[in-house]
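**Q** Pasting a structure below so you can have a look.
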Amino acid sequence: MSAAPPRALCSDLALALRAELIGQLGAHHGRDHVGADGGRGESGDVTFAIDERAESLMESFLAERAPEVAFYSEDRGMVTPAGHDPSWVLIVDPIDGTRPALAGFESACVSVAAAQLVGEPTMGDVAIGCIVEIKSGGAFIAERGAGLDPVPQLSANTRLERMFWTYGLRGRPARQTIEVLAELIDASSVGGATFDLGSATYDMTRIATGQLDAYVEPGPRMVADLPGMRAEFERVGEGAVLNNSPYDLAAAALCLEEAGAVVTDAYGAPLASRPLLGSGADFQISCITASNQELHAKICAAIEAGIERLATPSG
């Protein structure tokens with residue numbers, strides 16, 4: 001494959017996955033756990049029947065359309081085609097928001113990113129990000145340095161008490177996570193709004209549409225900074241730590257960066273140097289995404305205070 005970013009391949013794969021899955025939204029048979037290791041994929045999360053259907057379609061699509069391209073996905077991990085020396089790798093989450101998809105909700109997306117496969121790629125090497133909403137068909141595509149299509153509509157709100165924002169609790173210990181987020185939840189409870197929509201990709205693209213001001217996910221920082229916290233995440237995750245892996249964020253982070261939003265980890269550091277290919281606790285990435293720098297700084301300060309509260313509980 002040439003050095004040109006495979007924009008059409010990313011888009012066509014995302015649309016093919018959406019076409020395969022649209023009729024499966026809300027279907028109860030998709031909730032069956034499948035596969036080896038108790039129905040757990042490479043990421044450690046449950047593999048539902050609908051996930052396996054999507055992963056199988058992805059494999060057959062790429063084998064036919066682009067057999068020379070490597071890919072990394074949630075359930076398959078890294079797959080390098082035999083007999084080829086791939087110059088590109090696709091980072092695919094065939095369903096980001098499996099549980100909303102199983103309930104028939106709209107917060108489920110196909111996420112496809114592409115990076116040149118040179119050395120050990122990082123998040124900063126992502127050249128293309130493509131996201132397609134499964135239920136609506138709404139699409140976002142970004143090419144590094146070329147902006148986001150469609151044109152973003154970022155919120156100008158800078159006040160925590162007016163903030164519309166989202167976070168995730170799947171696989172996270174609820175009491176500790178809420179303690180870290182408590183200042184933000186309380187501040188925005190009446191004059192703003194908080195949501196757990198079940199998909200990091202959907203959450204982040206709502207910032208590009210102007211529907212939300214921010215997305216906040218402190219889990220990996222909690223695991224890294226707080227003694228005993230990894231055990232708590234493993235307890236809730238039934239032996240696995242279930243925070244965002246690079247495949248959850250690769251396409252969405254590029255889309256939001258190209259939209260002009262602020263995207264960092266929960267320390268306020270850029271994501272560019274983080275490894276792109278991998279899953280599990282060692283690769284997971286915290287994330288704070290906001291529509292503007294002023295709001296982002298206030299969120300980071302609130303998370304800092306929340307981590308401190310959890311580290312030194314009163315009483």
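**Q** Round to the nearest 10 and report in Å² the accessible area of HIS33, as given by a 1.4 Å probe over the protein chains' heavy atoms.
**A** 110 Å²
**Q** While we're looking at this one, here's another question. Could you tell me what % of all Cα pairs in region 117-163 have separations over 16 Å?
**A** 61 percent
**Q** What accessible area per residue comes out for the chain, rounded to a whole number of Å², with a 1.4 Å probe?
**A** Counting only protein heavy atoms, the per-residue value for the chain is 39 Å².
**Q** Over all distinct Cα pairs, what is the inverse of the mean 1/r for region 56-101, reported as the Kirkwood hydrodynamic radius in Å?
**A** 11.2 Å
**Q** Right, something else. In debye, nearest 20: dipole of the chain around its Cα centre with unit charges on the Cβ of K, R (+) and D, E (-)?
**A** Taking the Cα centre of the chain as origin, the dipole is about 520 debye.
**Q** Using only the alpha-carbon atoms of region 73-190 as identical scatterers, what base-10 log of I(q)/I(0) does the Debye formula give at q = 0.14 Å⁻¹?
**A** Summing over Cα pairs of region 73-190 leads to -0.90.
**Q** Find the relative contact order for the chain and round it to a whole percent, using C-alpha pairs within less than 8 Å whose residues are 6+ positions apart.
**A** Relative contact order of the chain: 19 percent.
**Q** Taking the Cα centre of the chain as the origin and placing charges on Cβ (Lys, Arg +1; Asp, Glu -1), which of TYR202, VAL223, ALA269 is farthest toward the positive end of the dipole?
**A** TYR202
**Q** Ordered by residue, what ³J(HN,Hα) values in Hz, to whole numbers, does region 159-164 give under the Karplus form 6.51 cos²θ - 1.76 cosθ + 1.60, where θ = phi - 60° and Gly and Pro are x?
**A** 9, 4, 6, 10, 6, 9
**Q** Still on this structure, please answer the following. What area, in nm² and to one decimal, does the C-alpha convex hull of region 205-265 cast on average over all directions?
**A** Orientation-averaged projected area of the Cα hull: 4.8 nm².
**Q** Report Rg(Cα)/(2.2 N^0.38 Å) for region 177-220, keeping two decimals.
**A** 1.17
**Q** Using the Cα centre of region 182-315 as the reference point, and only Cβ charges (+1 on K/R, -1 on D/E), how large is the resulting charge dipole? Debye, rounded to the nearest 20.
**A** About 60 debye.
**Q** Right, something else. Stick to the Cα atoms of region 181-289, pair each with every other, and give me the Kirkwood hydrodynamic radius in Å at one decimal.
**A** 14.7 Å
The values are calculated or read from the model by the stated rules, or taken from the named source; none is laboratory data. Predicted model, so just to flag it, every value in this text is computed and none were measured. Virtual Cβ from ideal backbone geometry, glycine too; neighbours counted across all protein chains shown. Just the protein is used for accessible areas: all its heavy atoms, side chains included, with ligands, DNA and RNA removed. Shrake-Rupley method; radii C 1.70, N 1.55, O 1.52, S 1.80 Å.
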